[in-house]
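What follows is a single structure, written as structure tokens, with notes after it.
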Amino acid sequence: QLQASGGGLVQAGGSLRLSCAVSGRTFSTYAMGWFRQAPGKEREFVTRITWSTGSTYYADSVKGRFTISRDNAKNTVYLQMNSLKPEDTAVYYCAAKIVTGDEYAHWGQGTQVTVSS
């Protein structure tokens, strides 16, 4: 199971850190991703990290502002979001997929991030 937390209301230019706690199984052979969905828009990919190697990949829209990381001991993936913009407002979801697969098969509940201008 994946449990996302850490969302909230922040002013533009501010920061938030989201957490995704993993329980119930081992995701060491998986990649962990963050997605977001804004009102009236389709869900979009934000970033991912390979659990075993720590390699990361970011959407262009967040590159240089967001950082994904993982804590193996805590079975938790983090999304540090800096220099937030109003357009970052969305429900953020964490998800997991087999590293070699295309589909994210495991999803957590969303956490709301609202950035005010």
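List of remarks:
- Verdict on K74 being more than 15 Å from L18 (Cα to Cα) and either open to solvent by 30 Å² or more (accessible area, probe 1.4 Å) or touching a strand residue (DSSP E or B) at 6+ places or on another chain (Cβ under 7 Å) (or both): no
- Count - residues of region 77-93 that are surrounded by fewer than 18 Cβ atoms within 10 Å (Cβ to Cβ) and either touching a strand residue (DSSP E or B) at 6+ places or on another chain (Cβ under 6 Å) or in a loop (DSSP other than H, G, I, E, B) (or both): 5
- Residue match in region 17-34 (condition: under 16 Å from E87 (Cβ atoms), open to solvent by 20 Å² or more (accessible area, probe 1.4 Å) and in contact with a strand residue (DSSP E or B) (Cβ under 9 Å, 6 or more places away or on another chain)): no
- Checking E44 against (1) surrounded by fewer than 14 Cβ atoms within 10 Å (Cβ to Cβ); (2) touching a residue at least 12 places away in the same chain (Cβ under 8 Å); (3) over 14 Å from Y92 (Cβ atoms), the condition it does not meet: (3)
- Region 94-117 residues that are open to solvent by 60 Å² or more (accessible area, probe 1.4 Å), paired with ones that are among the charged types (D, E, K, R) (beta carbon under 9 Å, 6 or more apart): E103/K97; A105/K97; S117/K85
The values are calculated or read from the model by the stated rules, or taken from the named source; none is laboratory data. From a predicted model like this one, the values you see are computed outputs, not experimental measurements. Note: ideal-geometry Cβ built from the backbone for every residue, glycine included; neighbour counts use all protein chains shown. We work out accessible area using only protein heavy atoms, side chains counted, and drop any ligands, DNA or RNA first. Shrake-Rupley method; radii C 1.70, N 1.55, O 1.52, S 1.80 Å.
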